[in-house]
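Only one structure is covered here, and it is reproduced in the block below.
Each reported figure results from applying straightforward, stated rules to the coordinates on display, with no laboratory input. Fair warning: this is a prediction, and the values are worked out from it, not measured in the lab. Note that we place each Cβ from the backbone using ideal geometry, even for glycine, and neighbour counts take in every protein chain shown.
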Amino acid sequence: MYGMKIDNHPKLDRLLLPEYSNFHPLRKGFKFEGDSVDDMNRTWEIEREADQKVSSTVLEHHRRDYFVNMGPQHPSTHGVLRLLLHMDGETILEIDPVIGYAHRADEKMGENGNYMQFYPYPSRVDYLAGMIYNWGYVGTVERAIGIEITERAQYIRVIVSELQRLASHLMWYGAFLMDVGSFTPFLYCFQDREEILDMFEMCDGSRLTYNYFRFGGQERDLSPEMLDRARKFIPMMKSHLKDYEKLVQKNIIFRKRTEGVGVITKDMAIQYGVTGASLRASGFAYDVRKSEPYGIYNQFEWDVPTATTGDAYGRFAVRVQEMWQSLRILEQALTRIPEGPYNNPAAPKRFKPNPGEFYFCVESPRGEMGIYLISDGTENPYRIKMRTPCYSNLQVIKDVGRKNFLADVVCILGSLDIVVPDVDR
Amino acid sequence: MFKNIKEIFTGAWSILVGMFITFKWMLKRPVTIQYPKQPTRPSPVHKGRIRFVIFPATGTHDCIACLKCQNICPSDCFEIKGDKPAEGGKKRPNFFTYNFSNCSLCSLCIEACPTKTLEHSPEFNLASENKDDYFYNFLNDVEERKKKVDATVNR
Ligand code: SF4
Ligand code: SF4
């Protein structure tokens, strides 16, 4: 996107852009102009020629290996992700994730508006963790302009974030089990997730893409009805989780399908920058909420669950334990939530942060999500860079998926919990 | 050999346990709502499309065509033109369109409006096959709604 050249890179491609393009959209001098029709035709022609060359060499040499395109419309890639599989029979030789089908230039959009106008976009980057992404952005700007956040707002933030984490994990639970071939838990999980979405509708008004966080506080207070509903939800969720455990974790087919599949070793995890539950399943107790506490997370009692195996089952078990920990945090937050203002009335509407660089990261259900902001002292951000967890977590599949069967790739991809707009942004 | 037999038995047992749980859930009250037959209501703060508030005191909206909503909107949904009326007084809009298909329902326009004359409508079944249905002319819209003030959608 910037046109940087990197020495000794094994496979230097244009990211998200055609190989033959000569523009760099994230540079400041870039003008918004469409490609001319001639340019596009030329690109297509070159690409078609390259494709034909590949297929003709394959045909000429009567090779046994072949290429399979998995996606972008494959149901188990969870969105518009394309995996280019180089296969020999049923065994994978090489996996190449092809990204960019859901690219919406979120970072560039941030540079084109003022700080207020980027409010609704973070929750669209990862649509399963909208509240937490909202916090990520709002937290960055709060760090840049130095606003106080009221006590009640802090509690509200923790409550909605943990509910969001539960909703996201429930969605993943159902979808992952569907990937490995069981349909029933999907419906159970959606029933619980529906309850959480109803609660979000009571506080924010939207059900999927929220815009609930404001600089210095929240958009509106949590209503007492919503808090009551959340309190009732916790014991219900606990009993359901126990049921799911019996239903799924004890099931021998599921165990056989996931144990020992897709092992991410410690070295691999560090090399690729894997974060979140996938990292914790490899044995690192790294959670942004513990290691770099933001908000008031250091006032609650909870543990970071880990596993040592690093396989798909380990990642599954860690996420299930995380749901229990979320319930634990929620329980404490809901009993301790104080009365008071939900918003800081001193928060400015229009502001110019001091020039400088700011970074703030939150623990999203998929890993460390951080926003890096450069301010040049004007009303518009100079640059907003999102460090999204799925982008790094997806790359690890290149190493993990090799020498596996095709059906296991579906299982590995499911256990990594990829959200495609989060990869592409 | 012995291990395999044991595995078969534990496997069968786990499936039986799963069946038992599924059966238990079958006896519970269903949580689904038969939507078109059984009406539902969104929550009171539901974010539907943007519309003008009809103030009971004046019987109409209170827009002063200050363009604040147009400027804050991240998705350029509004197109507003306004004039001062000939008889003097506040500026009033004479052209006010809103494109729902661009709107990201972020409520920034509502918060920016100095006269508090914008709100989210509680409608939720706005799906349409025609793109033009998502262009609302607020001045016409407000007249139409005034006619059916007591109708169901108007809270
Ligand atoms: S901000 Fe309010 S008063 Fe100003 S033009 Fe928009 S609707 Fe009218
Ligand atoms: S809700 Fe947001 S996107 Fe929609 S019209 Fe208002 S400011 Fe624009």
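Sorted by mean Cβ packing within 10 Å, highest first, what order do the peptides A:65-75, A:219-229, A:392-402, A:313-323 take?
Numbers: A:65-75: 14.4, A:219-229: 16.1, A:392-402: 20.1, A:313-323: 23.0.
Those peptides, ordered most packed to least, come out A:313-323, A:392-402, A:219-229, A:65-75.
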Can you list the aspartates and glutamates whose alpha carbon sits under 12 Å from that of B:Lys147, skipping same-chain ones fewer than 8 residues off? none
Can you grab the distance from the C-alpha centre of the stretch A:322-355 to the C-alpha centre of the stretch A:362-389, Å, no decimals? 19
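Can you give the calculated 222 nm mean residue ellipticity of chain A, where each DSSP H run of n ≥ 4 adds -39,500 (n - 2.57) and the sum is split over every residue, rounded to the nearest 500 deg cm²/dmol? Intermediate values should be presented prior to the final figure.
On the way: 16 runs with 195 residues, N = 425.
It comes out at -14500 deg cm²/dmol, rounded to the nearest 500.
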Förster-model FRET efficiency, 56 Å R0, A:Asp65 and B:Val31, C-beta, rounded to 0.05: 0.70
Can you spot the lysines whose alpha carbon is less than 29 Å from A:Lys232's alpha carbon? Ignore those fewer than 8 places along the same chain. A:Lys242, A:Lys246, A:Lys250, A:Lys290, B:Lys24, B:Lys28, B:Lys37, B:Lys47
In nm, give the distance between the simple-model label positions of A:Asn380 and A:Arg350, each being 7 Å from the Cα along the Cα-to-Cβ direction. 1.5
As an exercise, use a Förster radius of 35 Å and the Cβ-Cβ distance of A:Glu151 and B:Thr40 to find the FRET efficiency, rounded to the nearest 0.05. 0.50
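Please report B:Ile33, A:Ile384 as a ranked list, fewest other C-beta atoms within 10 angstrom at the top and most at the bottom.
Working: B:Ile33 10, A:Ile384 23.
By the 10 Å Cβ count, ascending: B:Ile33, A:Ile384.
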Can you compute the modelled spin-label distance between B:Lys91 and B:Lys146, with each label point 7 Å from Cα toward Cβ, in nm? 2.2
Connecting every pair of Cα atoms under 10 Å apart in chain B and solving the GNM, the largest mean-square fluctuation among B:Asn125, B:Asn102, B:Asn140 falls on B:Asn125
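Calculate, in nm to one decimal, what A:Asp96 and A:Thr265 gain on full extension: separation in residues at 0.36 nm each, minus their alpha carbon distance. Walk me through the numbers on the way to the answer.
Details: separation 169, 0.36 × 169 = 60.84 nm, distance 1.98 nm.
Gain on extension, A:Asp96 to A:Thr265, equals 58.9 nm.
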Taking the Cα centre of each part, how many Å lie between the stretch A:261-317 and the stretch B:1-69? 30
Cut-off 10 angstrom, C-alpha nodes, Gaussian network model of chain B. Which of B:Lys68, B:Lys28, B:Lys84 fluctuates the most? B:Lys28
Once the dipole of the stretch A:302-425 is set up from charges on Cβ (+1 Lys and Arg, -1 Asp and Glu), the residue from the list A:Ile374, A:Cys390, A:Val423 lying farthest towards its positive end is A:Ile374
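State, as an integer percentage, the relative contact order of chain A based on alpha-carbon contacts under 8 Å between residues 6 or more apart. If you can, show how the numbers build up before the last one.
Numbers: 706 pairs, mean separation 93.3, N = 425.
Relative CO of chain A lands at 22 percent.
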Toy charge model, Lys and Arg Cβ at +1, Asp and Glu Cβ at -1: the protein assembly as shown dipole around Cα centroid in debye, rounded to 20, equals 1240
Net charge contributed by nearby residues that have their C-beta within less than 15 Å of B:Asp133 (K/R +1, D/E -1): -2
Given the C-alpha centroids of the stretch A:392-419 and the stretch A:184-228, what is the distance between them in whole angstrom? 31
Just to verify a number: FRET efficiency for B:Lys68 and A:Ile6, C-beta to C-beta distance, R0 = 35 Å, to 0.05? 0.15
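If you place +1 on the Cβ of every Lys and Arg, -1 on the Cβ of every Asp and Glu, and leave all else neutral, what size is the dipole of the stretch A:106-424 about its Cα centre, to the nearest 20 Debye? Intermediate values should be presented prior to the final figure.
Details: 38 positive and 41 negative charges, 107 e Å.
Charge dipole, the stretch A:106-424, about its Cα centre: 520 debye, nearest 20.
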Two decimals is fine: what is log10 I(q)/I(0) at q = 0.12, 0.21 Å⁻¹ for chain B, from a Debye sum with one equal scatterer on every Cα and no solvent? -0.64, -1.44
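Using only alpha-carbon positions, what ratio does the radius of gyration of chain A give when scaled by 2.2 N^0.38 Å?
Details: Rg = 22.7 Å, N = 425, 2.2 N^0.38 = 21.9 Å.
Cα-based Rg divided by the globular estimate yields 1.03.
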Relative contact order (percent, whole number), the stretch B:50-153, Cα cutoff 8 Å, 6+ residue spacing: 32
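About the Cα centre, and with charges only on the beta carbon of Lys, Arg (+1) and Asp, Glu (-1), how big is the dipole of chain B? Nearest 20 debye, please. Intermediate results must be reported in sequence, preceding the final value.
Working: 23 positive and 16 negative charges, 152 e Å.
With only Lys, Arg, Asp and Glu charged at Cβ, the dipole is about 720 debye.
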Work out the charge dipole of chain A with +1 on the Cβ of Lys and Arg and -1 on the Cβ of Asp and Glu about the Cα centre, then indicate which of A:Asn211, A:Gly89, A:Asn69 is farthest towards its positive end. A:Asn211
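I need A:Leu26, A:Leu85 ordered by Cβ neighbour count within 10 Å, fewest first.
Fewest-to-most Cβ neighbours within 10 Å comes out as A:Leu26, A:Leu85.
Per DSSP H run of n ≥ 4, the term is -39500 (n - 2.57); total these for chain B, divide by its residue number, and report the mean residue ellipticity at 222 nm rounded to 500 deg cm²/dmol.
Values: 4 runs with 45 residues, N = 155.
Mean residue ellipticity at 222 nm (helix-derived): -9000 deg cm²/dmol.
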